[in-house]
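Accompanying notes for the structure given below.
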Amino acid sequence: MRTTKRWWWSGAVSALVLVWAAPARAEGEQFMPVPSYRVGPYAAGGTSLYGGFIDYMNLINMRDGGINGVKLTWEECETEYKPDRGVECYERLKAKGPTGASMFHPYSTGISYALISKVGHDKIPLVTIAHGRTDAADGRYFPYVFPLITHYWSLNTDIIRYIGEREGGMAKLKGKKIVHLHHGSAYGKEPNVVFQKQAEKYGYEAKIIEVPAPGSEQQAQWLEIRQFKPDWVIVTGWGVMNPAALKNAVRVGFPMDHIVGNFWTGSEEDVEPVGTAAKGYISAALNPPGKESKVIQEIERVVYGAGKGNMVDKKRVGSIYYNRGVLTGIVSVEAIRVAQGKFGKKPLTGEQIRWGLENLNLDPARIAAIGATGFIQPLKVTCADHEGGGAVKFQQWDGTKWKIISDWVQADKELVRPLIEESAAKYAKENNITQRDCAKEST
Amino acid sequence: MAFFIEVLVGGLLAGVMYSLIALGFVLIFKASGVFNFAQGAMVLAAATTYAGLVDMGWSGWLAFLAALAVMIVFALLTERLVLRPLVNQPQISLFMATIGLTFVLEGASQAVWGSVVRGLDLGIPDTPLEVSGVLISKFDLVASGTAGALVVLLASFFQWTRTGRALRAVADDHQAALSVGIPLERIWALVWAAAGAVALVTGLLWGSRLGVQFALTQVALKALPVIILGGFTSIAGAIVGGLMVGASEKVAEVYLGPIIGGGIENWFPYVLALLFLLVRPDGLFGEKRIERV
């Protein structure tokens, strides 16, 4: 009888502790998984990308005390950029924190493809800024996937528009020869459909050349380019393919200022191995490099000033990938802030944060308040449009650093959106997905 | 016709770069009969050490000597800690040990020197040289000369020195070699050090072309069809195999690629090697294995 009583008391005390402890945690923390890749072939990019992301979250915690008092917490999981490891990290982290994972940022097209069906079931937003499945921008069929800011199809129209401007107008593209040199992967092939559609629209002669992954050997491809004599070469590369492309361009004497890389082909890591020979090379930029933006200066002052910076190599603070990580932090934090406006200033579930993402409206005033004018484009996401932006800037390598050479160049949404809707509807039909009624869900 | 010649010459010169990697594999195989899975990681370790030291302000030659010293120390440690305990064990155990070494080396390289991509300027121009309308890379010519010099050096070593002859005995049978007084440990340490030196030269040339980065480990895959074609035990075979692989993959990519969708140069050499295996399982210059039944 005494033993039973003791058990009863200890059970009651434990229950009280749990009841007391659980709400205390729930009021204070919003959990963010960080599926980074700091080792392996893509570690150079991954270290800066996720370093910038973590530094921005640290800035929000240290300077503002979290998002409206809700502190951000995170845990890193090494994916090595591999889909199997990415899925493992997702499964390991999705239920962490008081309300589970806020959202998931794989920064790998392979991992994001592997997670598309899972995130809908778990109600966790998959944020695929400038990567992943392009037609997922149609939120009516992909409610939990967000290729925010821009994607490969919009990007291709940005690049063609830029080339058109350089040629003196889009009409001047008629009869020009343009090559798309791409990485031999799902990622590399993604822009091909729009590249060809635009060739029909503007009358340029399109040639698509694939570089087998990883892309360290491109001699044959550049000899083909030399034989074709194009006016412009667009490069959709990744990792070692990028410096190899530029080195081979030098070897066949192709002019650098007529090569335009995409935003994964335009980091310091891509051009530094080529050195001054890459001078003149142009690439699309999702975000500008450097430390001129107030938000980067704030990170240096608050986070690095307190010795809490994530980057071991502090020289990379302000690099293209680092700033992209900060950009990721900005849109993630702002989405949570928007969601808090509806659901309350407390830790939110993935489903609630999805609402925040679908109602994200970064106008110039809000961007200025964040300290990111010129650093991030105005963004208006809706239930149907999970991209929200579509523009890029263009930058040119001057032999030692990237220099921004254009304002935001807007995507040709009239061409891209119908293609996205058509492709998304086809996917939905194949996978028995019913279309959401966004009119009912937007409020 | 000029274009075909350009593709062919470019392919042959690219093949020499593959031969450089293959040389490292052949050296270890000749000494131990084991396929050294860690050769790519050795290329990465040597190149990152060199580039990291240059980044710290060391002169090129000093960094070269230091990187060479690191590779020699690595060879001695490998012999003492990994190979010696595995003497007389099945060769698959040695092979598995080299897989383990790969991950240790890759991890250690990134842990010590970071994951940053480093440019490497050896002062060799990569601008083209025009000969009768055909563009030839000056860099590839220098790489060919380097590979040629290495082949002559290594072939002479194996052919004319006592150690070279001892190597062949070791490869045939560890126990028998030990019983006739061949110092197995010293031979292995020597060969791994030589493979380390080859890895350093390979790493510098490939690093100069691609930047010193993790992807250097993957260029080792290019050497596999080369050694299948040339033979696992032949230094000359590594060169001939490299030339065959380089030329055939470039010609196939340019002329066959557009017909079947492009991007074929990664797998085409393996198809070629597979077909070759059916006809000559020991490769072009490999030693024919005759065993008493």
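Every read-out reported here was derived from the displayed coordinates using simple, explicitly stated rules and does not represent laboratory data. No experiment lies behind these values; they were computed from the predicted model shown. Ideal geometry is used to build each Cβ from the backbone, glycine not excepted, and the neighbour counts take in all protein chains shown.
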In Å and whole numbers, how far do the C-alpha atoms of the stretch B:10-220 stretch along each principal axis, longest first?
59, 41, 28
For A:V409, list long-range residues whose amide hydrogen, built 1.01 Å from N in the peptide plane, is under 5 Å from its own amide hydrogen.
A:V392, A:K393
Could you tell me how many degrees, from 0 to 90 and to the nearest 10, lie between the Cα long axis of helix A:320-343 and the main elongation axis, the longest principal axis, of the Cα atoms of chain A?
40
Suppose R0 equals 35 Å; then what is the FRET efficiency for B:I136 and B:L256 from their Cβ-Cβ distance, rounded to the nearest 0.05?
0.90
Please compute the modelled spin-label separation between B:L81 and B:L274, points set 7 Å along Cα→Cβ, answer in nm with one decimal.
3.9
Percent RCO, i.e. relative contact order, over chain A, from Cα pairs under 8 Å lying at least 6 residues apart:
20
Can you name the helices of chain B, as whole DSSP H runs, whose Cα span along the helix axis is 30 Å or more and whose Kyte-Doolittle mean is not below -1.0?
B:2-32, B:91-113, B:138-160, B:184-210
What average number of partner chain Cβ atoms lie no more than 10 Å from the Cβ of the residues making up B:106-118?
5
Burial-style ranking of A:142-149, B:22-29, A:94-101, A:391-398, average other-beta-carbon count within 10 Å with highest first, yields B:22-29, A:142-149, A:391-398, A:94-101
Quick query: amide H of A:G261 versus all other amide H atoms, modeled in the peptide plane; which residues come in under 5 Å with a sequence gap of 5 or more or a different chain?
A:V235, A:I282, A:S283, A:A284
In what sequence, highest mean first, do A:216-223, A:29-36 appear when ranked by Cβ atoms within 10 angstrom?
A:216-223, A:29-36
Here the relative contact order (percent) of chain B, from C-alpha pairs under 8 Å and at least 6 apart, is 35
Round to the nearest 10 and give me the degree value, 0 to 90, for the angle of helix A:192-202's Cα axis relative to the longest principal axis of chain A.
50
C-alpha long axis of helix A:83-93 to longest principal axis of chain A, angle in °
30
Grab the beta carbon distance between B:A155 and A:K345, set R0 = 60 Å, and tell me the FRET efficiency rounded to 0.05.
0.20
When ranked by the protection proxy of mean other Cβ atoms within 10 Å per residue, highest first, what sequence do the peptides A:274-280, A:207-213, B:128-134 form?
A:207-213, A:274-280, B:128-134
Subtracting the Cα-Cα distance from 0.36 nm times the residue separation, let me have the gained length for B:T163 to B:V112 in nm, one decimal.
14.9 nm
Using a Cα-Cα cut-off of under 29 Å, which lysines could be cross-linked to A:K201, ignoring same-chain neighbours fewer than 8 residues away?
A:K172, A:K174, A:K176, A:K177, A:K189, A:K229, A:K380, A:K393, A:K413, A:K426, A:K429
Inter-site label distance for B:D121 and A:R301 at 7 Å from Cα along Cβ, in nm:
3.7
For chain A, give the magnitude of the charge dipole about the Cα centre (Cβ charges: +1 Lys/Arg, -1 Asp/Glu; no others), in debye to the nearest 20.
860
Per residue of A:33-45, what is the mean number of Cβ atoms on other protein chains within 10 angstrom of that residue's Cβ?
4
Can you give the mean number of other chain Cβ atoms that lie within 10 Å of the Cβ atoms in peptide B:208-221?
6
One finds the C-alpha centres of the stretch A:209-229 and the stretch A:230-247 to be spaced, in Å, by 9
Report the gain in length on full extension from B:R186 to B:Q91: 0.36 nm times residue separation, minus Cα-Cα distance, nm rounded to one decimal.
32.3 nm
Treating only the Cα positions of the protein assembly as shown as identical point scatterers, give the base-10 log of I(q)/I(0) from the Debye formula at each q in 0.06 Å⁻¹.
-0.41
Can you give me the Cα centroid spacing of the stretch A:252-319 and the stretch A:369-431 in angstrom?
19
Out of the DSSP beta bridges found with both residues in chain A, what percent are antiparallel (nearest 5)?
30
Cα-centred dipole magnitude for the stretch B:10-220, charges only on beta-carbon of K, R (+1) and D, E (-1), debye, nearest 20:
440
